Structures are given as C-alpha cells and as structure tokens.
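Structure, as structure tokens:
The values are calculated or read from the model by the stated rules, or taken from the named source; none is laboratory data. None of the values given here were measured: they were computed from a predicted structure. Note that we place each Cβ from the backbone using ideal geometry, even for glycine, and neighbour counts take in every protein chain shown.
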Amino acid sequence: MSGRARAALRPLAAAAMLLVAAAATLSAPTDDAVQSPVETVGPAGRTVVSRLAEADVHGVQAARRLALPAGSAERDSTTSGVWIVVDVTVACRLTPCGFGESRLQVGGRSYAPSPIVPGASFATMNVGPRLRYRTSALFEVPRSALAAGRARLVVQGARTMALEGVPVITMRLPDAVRTSAAVRSTVLVGAAS
Amino acid sequence: MTPWLRANRAGLIAIAVALPLLAVLLVPVQLIGVTRTEVVEEVPAGASGRLDGLRYSVIAADEFGRTKGLTTPAGTTLVAAVVEVRTTDQRPVAATCSFTLSAPGAGGRADWDPQQPFDSARYGYRRGDGFAADCSAAPTGRYRAEVVFLAPEGTARGASVDVTAPGAPGTTQVLRLRLPAAPAPTAAALPAR
C-alpha cells in the first residue's frame with residue numbers, strides 16, 4: 001500500500017473506532033442497572049423467592065383514603081393522588097431484614113413505600129429470617145399512574161448489595177378507585193418453608 | 001520488531017501497564033466497607049470457649065412454643081438460651097459484643113437477633129429474674145444472660161448461639177456455641193446467680 005493510501009486510511013480508521021466507541025457507550029448498561037440487584041420476577045398469587053427474601057402478593061386495591069388498623073393513632077391519609085394498597089406476605093430468608101428500600105414501579109416511575117402506619121409496617125418492619133409476616137404495603141401515587149394498568153413490586157431490604165437477588169412481583173392495577181381501603185396490621189403468620 | 005510496533009511501542013507499554021494497574025486499584029475499592037466474619041472457634045455443647053478475653057458457655061437451652069402454653073403463631077417457637085460469661089486474666093479489647101442465634105438450613109446459615117423482653121412477653125414467655133438480656137463487653141466478674149429468639153419450630157436442633165465481637169479492622173470475630181442436641185431444662189427455671 002502506498003504512503004498516500006495509508007495516510008488516507010488513518011482518518012477513516014479513527015472515525016470507525018470513534019463509531020465503535022460511541023456504540024459501546026450507548027449500549028452499555030447504566031450505573032443503576034449495573035449496581036441494581038438481580039430480579040427474580042413472578043406474578044401476584046405466587047411466592048416469589050430470592051436468596052435473601054420472599055414475597056407473595058394476595059391482592060391490590062386503589063383508594064382515596066386509608067382505613068388504618070384499629071388502635072392506630074389517627075392519621076390524615078387524604079391524598080390528591082391515590083393510595084395503592086398491596087396485601088402481601090413477606091419473609092427474610094437468611095438474616096434479619098426490613099423492606100424499606102422496596103418500591104412500586106408504575107409506568108417507568110418508582111414509588112417508595114409510605115410509613116404512614118405507626119409502629120411496625122411494611123416500610124419500617126425489621127424481622128428475623130424464615131418467619132412470614134402479612135402486612136399492607138402502601139404507596140401514594142398520582143391518579144394518572146393507574147392508567148398504566150400494571151405495576152411491579154420490588155421487595156428490597158436496606159442491606160441488599162449489587163448482584164444480590166430481589167423478588168419482584170408483577171400485578172394488575174385495579175380499574176376502580178375505592179373511597180377507602182383497609183390497612184392490615186403487620187402480623188406474624190407462621191414459619192417460611 | 002515491525003515498524004508499526006516500533007512506532008506505537010510507547011502507547012502499547014502504557015496500555016500494558018495501565019490495565020493491570022486499574023484492575024489492582026479497582027478491586028480493593030469494591031471491598032472497602034465489607035466486613036469479613038471469622039469464626040474463631042466452634043464450641044461443642046456443654047463446653048466453653050474464649051473470645052476477646054471473656055469465657056462463654058451455654059448452660060441451658062430450650063424451645064418454648066404452643067406445646068408449652070405460649071401463644072407463638074403456628075410453626076414458630078421461642079428459642080431461649082442461658083449464656084454464662086466469665087472474665088479471664090485477659091482484659092477485653094472490643095467495646096461491644098452481641099448474641100445471635102445461628103442455624104443451618106435450606107439456602108444457607110440463618111441468623112436471628114435476640115427478642116427484646118417486651119417482645120417475648122407478648123407470647124407469654126416469662127424471663128428468669130437476675131439474668132442480663134444482652135451481651136456486656138466489659139463485665140465485672142461472672143454474669144448470666146438469658147437470650148430469647150423467635151424462630152421456626154425445630155430451629156434449636158443443630159443451632160448455636162454466636163457471640164460476635166469486633167476483631168482486627170475490617171473483621172468480625174465469632175465464637176460459635178453449639179446448643180445441646182436434647183434441650184436442657186428450661187432456661188427460665190435456672191436459678192439466678
């Protein structure tokens with residue numbers, strides 16, 4: 001190859017390498033994706049198990065207000081949005097854990113669980129392993145979020161590391177918004193398998 | 001050496017040095033903050049073991065559940081153990097220590113934190129008088145701690161009480177005290193020191 005041809009090839013080769021670099025950058029997973037735990041996905045009504053936690057969603061309601069458990073201090077739960085009340089049984093598997101880092105994913109947005117219920121609730125509980133607790137996970141979302149039709153509940157504790165597994169439950173959102181939805185007290189229901 | 005290699009040797013040497021250097025630098029960064037747990041001794045049931053200048057032994061252990069008149073939910077039980085702690089000629093270095101229940105099972109070894117006295121009382125469990133409820137890193141003389149754990153039925157079989165104390169920087173030391181295979185007389189019935 002002549003020196004002139006080689007000189008002409010250099011900028012082309014450089015441009016090709018830039019294109020490859022751009023493609024690699026654009027297709028690379030985001031930091032969030034790299035550092036997020038690995039999801040074990042299952043539908044509502046089935047126990048979804050990861051290494052550190054398990055969860056089983058029994059039902060979902062949407063309501064404008066919450067009917068807190070008897071004996072709870074009075075709390076104003078009126079919202080301009082809507083409450084998503086998820087009836088769920090959860091268990092830690094190897095270590096004491098909580099579920100405060102859980103989130104409800106609806107239409108590309110994530111919502112943190114509400115700690116509005118005083119005492120032990122889905123957002124604040126810290127429980128021992130291999131024990132199943134039934135509770136209500138509460139999420140305050142905009143009314144427009146219901147249009148998505150479906151949601152994902154990511155059940156995650158505070159000490160979940162990257163590459164750790166988390167259960168994710170997919171569920172259908174209700175079409176109708178009730179005036180009020182009953183919130184369960186957090187109750188130990190038995191031993192996990 | 002080809003002319004191309006000769007022309008680019010500086011860059012090639014830089015890459016050959018930089019890549020392993022990056023790997024060496026980045027791997028330890030991921031490990032910063034990760035505490036390594038080291039089991040210093042597995043003590044057979046009935047024997048005593050030493051950790052950080054203190055000598056520990058389980059002198060009684062049992063499961064307390066519905067069959068013994070408690071109101072624990074079906075499938076769950078309270079595992080109680082009395083741990084005797086004695087000073088030795090060596091002064092403890094660590095400022096803290098803690099007790100956990102540890103038991104093997106499906107998915108790996110699980111750990112339970114002790115119940116607070118008001119938690120175990122909720123199920124009808126009565127603690128013995130004169131027992132400490134937790135570990136003391138700087139005791140004077142001998143003391144007995146009554147530690148109670150909420151766990152699935154049958155957990156006590158093959159379980160141990162782990163005494164945990166900080167070790168060298170980045171490490172945690174664990175003394176594993178095996179519980180007796182056949183439960184000893186009830187912990188709460190033991191006389192206080």
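Descriptive notes on the structure:
- Within the stretch B:104-121, if we keep just the residues that are of a type in the set (D, E, K, R) and within 10 Å of another protein chain (Cβ to nearest Cβ), the residue that is farthest from B:Glu146 (Cα to Cα) turns out to be B:Arg109.
- Every residue from the stretch A:126-166 that is in a loop (DSSP other than H, G, I, E, B), without any contact (Cβ under 8 Å) to a residue 40 or more places away in the chain and either within 14 Å of chain B (Cβ to nearest Cβ) or surrounded by 20 or more Cβ atoms within 10 Å (Cβ to Cβ) (or both): A:Gly128
- Hey, A:Ser36 surrounded by 10 or more Cβ atoms within 10 Å (Cβ to Cβ), in contact with a Pro (Cβ under 6 Å, 6 or more places away or on another chain) and modelled with pLDDT under 95 or not: no
- Of all the residues in the stretch A:167-193, those that are farther than 21 Å from A:Val154 by Cα and away from every other protein chain (no Cβ under 14 Å) number 8.
- The residue that is surrounded by the most Cβ atoms within 10 Å (Cβ to Cβ), among those in the stretch B:57-102 that are assigned to a helix (DSSP H, G or I) and either in contact with a strand residue (DSSP E or B) (Cβ under 8 Å, 6 or more places away or on another chain) or of a type in the set (D, E, K, R) (or both), is B:Arg66.
- If only residues of the stretch A:87-105 that are touching a Pro at 6+ places or on another chain (Cβ under 9 Å) and among the aliphatic types (A, V, I, L, M) are counted, the one that is nearest to the other protein chains (Cβ to nearest Cβ) is A:Leu94.
- Restricted to the stretch A:1-111, the set of strands (runs of 3 or more DSSP E) holding at least 2 residues that are under 14 Å from the mean Cα position of the chain (by Cα) and over 20 Å from A:Leu138 (Cα atoms) comprises A:38-43.
- Yes/no for B:Pro73 being modelled with pLDDT under 95 and either facing chain A (nearest Cβ under 10 Å) or touching a Cys at 6+ places or on another chain (Cβ under 7 Å) (or both): yes
- Single match in A:Pro96, A:Pro115 (criterion: closer than 17 Å to A:Ala181 by Cα and assigned by TED's automatic domain parsing to the domain that holds A:Gly81): A:Pro115
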